[in-house]
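The values are calculated or read from the model by the stated rules, or taken from the named source; none is laboratory data. As the structure is a prediction and not an experimental result, all values here were calculated from the model. Cβ placement follows ideal geometry from the backbone for every residue including glycine, while neighbour counts extend to all protein chains displayed. These accessible areas exclude ligands, DNA and RNA; they are computed on the full protein's heavy atoms, side chains included. Shrake-Rupley method; radii C 1.70, N 1.55, O 1.52, S 1.80 Å.
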Amino acid sequence: MREPVSHSQQRFDRLDALRGAAMLWMAAYHFFFDLSHFRLIQQNFYTDPLWTTQRSIILATFLFCVGFGQAVAMQRGQDWSRFWKRWLQVAGCAVLVSAGSWLMFPRSFISFGVLHAIAVMLIILRLTGHWGRGLWLAGAAAMLLP
C-alpha cells in the first residue's frame, strides 16, 4: 500500500507533462539538426522560420518550466541545501555541454548556453524571489540597462 504523498512531495502533472513534451521536442529538433550537420538532409537551422520558431518555442517552454518549478520550490520552503543540490545538477550538465561541444566544434563550442543561463537565473531567482512586486521594478531596470 502506498503512503500518502506530503504537500512538499506532490507533483504538478501538467508541468511534468509540459517539461517532458519540451524534452522530446528538443530531442527531435536536435536529431534533425544533426541530420543536417552530417548532410543527410538539407535544412537551414539558422534562418528558416520553421526551425527558428521551433527553437524559440522550445527555449521559452524550458524557461517557463524552470521558473515555475523554482517558484513552487520557494513557495514550499525549499532549503538552501536542496537548492544547491539541484543547482549543481544543472551547472554540471552545463559543463558537460561545453565540454561535449568543444570536442565536436572546437572553434565554435558552447561557452555559455541555455543551461549556463538557467544556472545563473536560478541563483538570481533564489536571491530575489521574495521581493514580490519589487521584481517588476527590478525587471524594468534590467530591461533599461545597455
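So which residues in segment 122-146 are at pLDDT 95 or above and either under 20 Å from THR61 (Cβ atoms) or aromatic (Phe, Trp, Tyr) (or both), if there are any at all?
LEU122
(1) touching a helix residue (DSSP H, G or I) at 6+ places or on another chain (Cβ under 6 Å); (2) closer than 21 Å to ARG11 by Cα: which one isn't true of LEU24, the others all being true?
Only one criterion in (1) touching a helix residue (DSSP H, G or I) at 6+ places or on another chain (Cβ under 6 Å); (2) closer than 21 Å to ARG11 by Cα is unmet by LEU24, namely (1).
Could you please let me know if GLN89 is part of a loop (DSSP other than H, G, I, E, B), on the phi < 0 side of the Ramachandran plot, open to solvent by 70 Å² or more (accessible area, probe 1.4 Å) and of a type in the set (S, T, N, Q)?
So GLN89 does not fit the description; no.
Filter segment 22-31 for residues that are open to solvent by 50 Å² or more (accessible area, probe 1.4 Å) and touching a residue at least 12 places away in the same chain (Cβ under 8 Å); which is farthest from ARG126 (Cα to Cα)?
TRP25
Can you tell which of PHE45, PHE83, PHE12 is surrounded by 14 or more Cβ atoms within 10 Å (Cβ to Cβ), closer than 19 Å to ILE118 by Cβ, in contact with a helix residue (DSSP H, G or I) (Cβ under 8 Å, 6 or more places away or on another chain) and not hydroxyl-bearing (Ser, Thr, Tyr)?
Sole residue among the options that is surrounded by 14 or more Cβ atoms within 10 Å (Cβ to Cβ), closer than 19 Å to ILE118 by Cβ, in contact with a helix residue (DSSP H, G or I) (Cβ under 8 Å, 6 or more places away or on another chain) and not hydroxyl-bearing (Ser, Thr, Tyr): PHE83.
Has segment 8-24 got at least one residue that is among the aromatic types (Phe, Trp, Tyr) and part of a helix (DSSP H, G or I)?
Within segment 8-24, not a single residue is among the aromatic types (Phe, Trp, Tyr) and part of a helix (DSSP H, G or I).
Which pairs do you get when a residue that is at pLDDT below 95, found in segment 50-67, comes within reach of a residue that is among the polar types (S, T, N, Q), reach meaning Cβ atoms under 6 angstrom, with the pair 6+ apart or on two chains?
Within 6 Å, no pair qualifies.
Would you say ILE124 is in a helix (DSSP H, G or I) and open to solvent by 70 Å² or more (accessible area, probe 1.4 Å)?
Spelling it out, ILE124 is indeed in a helix (DSSP H, G or I) and open to solvent by 70 Å² or more (accessible area, probe 1.4 Å).
Go through (1) among the hydrophobic types (A, V, I, L, M, F, W, C); (2) assigned to a helix (DSSP H, G or I); (3) touching a Phe, Trp or Tyr at 6+ places or on another chain (Cβ under 6 Å); (4) open to solvent by 30 Å² or more (accessible area, probe 1.4 Å) for PHE109 and report which single condition fails.
(2)
Which of the residues spanning segment 60-80 are open to solvent by 70 Å² or more (accessible area, probe 1.4 Å) and either in a helix (DSSP H, G or I) or small (Gly, Ala, Ser) (or both)?
Across segment 60-80, the qualifying residues are PHE64, PHE68, GLN75, TRP80.
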